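Novice: Below is a structure I'd like to ask you about.
Values in this text are rule-based calculations from the coordinates and carry no lab data. This structure is a prediction, so every number in the text was calculated from the model and none was measured. So basically every Cβ, Gly included, is an ideal-geometry build from the backbone, and we count neighbours across all protein chains shown.
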Amino acid sequence: MASFPLVPFVNRIRGGRFRFRDREVVLQPHMAGDISPLHGQGWLGDWSIEAHGNADAELRFVHEAGEWPWRYEALQVFALDEAGLSLRLLCRNLSDGPMPCGLGQHPYFPCGPDTRLDTEVEAAWEIDEHVLPTDRVPAEGRFDLRDRTVCGQNLDHGFGGWSGSARMSDPGWPAALTLSSPRARFFQLYSPPSGDIFVAEPVTHANAALNEPEERWAELGLQVLEPGGEMALDMRLEVTPQ
C-alpha cells in the first residue's frame with residue numbers, strides 16, 4: 001500500500017533522550033499522544049528526486065545538524081522488475097564526529113480475516129503503555145509468527161532473531177508476497193486491534209536500543225558511523241503465485 005524510510009534510527013527513544021559518549025541528545029516527540037520521538041527524521045523530511053526512469057528512481061534527503069546533532073544524507077534507490085520491487089536505503093555520516101545509526105522500512109499491507117503471515121523469529125519484547133520494550137521473552141503463543149493470522153492481532157511489538165524473510169498471503173489477493181531483507185536482524189509487527197492494515201518492518205536494531213549502554217549496541221543492532229562512513233539496508237518485495 002505504502003511505506004516510509006526509518007533513518008537514522010528505528011522505533012522509539014525512551015524519554016526522548018540518550019547519551020552517546022560525552023554528549024547527551026534530547027529529542028522532542030513527533031506525534032500527538034506519543035511521548036517518544038520515533039523513526040528518525042527521514043520519514044517526515046523532504047526528499048529530492050536525484051534520478052528516475054520508467055522502472056527506477058533515486059531519492060535523496062539531507063539532514064542538517066539540529067536536535068539530532070549530526071549532519072547526514074540518506075538515499076533511497078527503487079528498482080521495479082517483472083517479479084517485484086527492490087529498495088535500498090543508505091545513510092552516510094556527513095558530520096565531523098561519529099554518529100549512531102540504524103535503518104528500517106515501514107511497509108503497510110491491507111488485510112482481512114484470511115490474511116496470513118509466515119516468518120520465523122526467536123524472541124519478542126513485551127511492551128508497556130508507551131509502546132516501549134520491557135521483558136524479552138521467547139517467541140511463543142501470541143508472539144509466534146509462523147503461518148498465523150495477522151489482521152487485528154493487537155500487536156505493536158519488536159522481535160529479535162528474525163530469519164530475514166516473511167511470506168504474506170490471502171485467498172483474495174491475486175498473488176502472495178515475500179518480503180526479504182537479509183541484513184535486518186530485527187522485525188517489527190504492527191497489527192492494530194481493529195482496522196484493515198498491518199505493518200511488517202525489517203529493521204536493523206531493536207526498539208529503544210539507543211537507551212542501552214553503547215557496549216550493548218552491536219548486540220542490539222546499532223552501528224556507529226565514523227565521519228564519511230555509511231550503512232545500507234536492502235528490502236525486496238517479490239510477487240509469487242498462490
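Novice: Counting other Cβ atoms within 10 Å of each Cβ, which GluC sites (Glu not before Pro) in the range 57-117 have at most 14 and sit in a DSSP loop? List each step's numbers first, then the result.
Specialist: Working: sites: Glu58, Glu64, Glu67, Glu73, Glu82; in loops: Glu64, Glu67, Glu82.
Counting only loop positions with at most 14 other Cβ atoms within 10 Å, the GluC sites (Glu not before Pro) in the range 57-117 are Glu64, Glu67, Glu82.
Novice: Contour minus end-to-end for Arg23 and Glu126, with contour as 0.36 nm per residue of separation and end-to-end as the Cα-Cα distance?
Specialist: Answer, rounded to one decimal: 34.1 nm.
Novice: Let me ask something else about it. If R₀ is 22 angstrom, what is the calculated FRET efficiency for the pair Arg146 and Asp34, using the beta carbon separation as r and rounding to 0.05? Provide the component values of the computation, followed by the final result.
Specialist: Working: r = 30 Å, r/R0 = 1.38.
Using R0 = 22 Å, I get an efficiency of 0.15.
Novice: Then there's this: For Ser163 and Asp196, calculate 0.36 nm times their separation in residues minus their Cα-Cα distance, and state this gained length in nm to one decimal.
Specialist: Details: separation 33, 0.36 × 33 = 11.88 nm, distance 2.57 nm.
Stretched out fully, the Ser163 to Asp196 stretch lengthens by 9.3 nm.
Novice: Read through the labelled values (i) -0.19, -1.30, -1.49; (ii) -0.33, -1.33, -1.40; (iii) -0.22, -1.34, -1.48 and report the label of the one computed as log10 I(q)/I(0) by the Debye sum over Cα atoms at q = 0.07, 0.17, 0.18 Å⁻¹ from the structure.
Specialist: For log10 I(q)/I(0) by the Debye sum over Cα atoms at q = 0.07, 0.17, 0.18 Å⁻¹, the calculated option is (iii).
Novice: OK, next. Report the paramagnetic label zone for Gln242: residues of the range 94-126 whose backbone N is under 17 Å from a point 7 Å from Cα along the Cα-to-Cβ axis.
Specialist: 109-119
Novice: Now, a different point. Suppose R0 equals 22 Å. What FRET efficiency, 1/(1 + (r/R0)^6) with r the Cβ-Cβ distance, do Glu214 and Asp135 give to the nearest 0.05?
Specialist: Working: r = 22 Å, r/R0 = 1.01.
In this case the efficiency is close to 0.50.
Novice: Turning to a different aspect of this structure: Among 20-28, 218-226, 230-238, how do they line up by average Cβ neighbours within 10 Å per residue, starting with the highest? Please report the intermediate quantities before stating the final value.
Specialist: On the way: 20-28: 11.9, 218-226: 16.7, 230-238: 18.9.
In descending order of packing, they fall as 230-238, 218-226, 20-28.
Novice: Could you work out the local net charge near Ala184, counting Lys and Arg as +1, Asp and Glu as -1, over the other residues with Cβ closer than 10 Å to its Cβ? Let's see the in-between values first.
Specialist: Details: positive: Arg183, Arg185; negative: Glu201, Asp234.
Value of the local net charge: 0.
Novice: What does the charge count around Val199 come to, taking other residues whose C-beta lies under 15 Å from its C-beta (Lys +1, Arg +1, Asp -1, Glu -1)? List each step's numbers first, then the result.
Specialist: On the way: positive: Arg12; negative: Asp156, Asp196, Glu201.
Surrounding charge for Val199 is -2.
Novice: Another question, then. Give the cysteines in the chain for which no other Cys Cβ lies under 4.7 Å away, or write none if there are none.
Specialist: Flagged as lacking a Cys partner: Cys91, Cys101.
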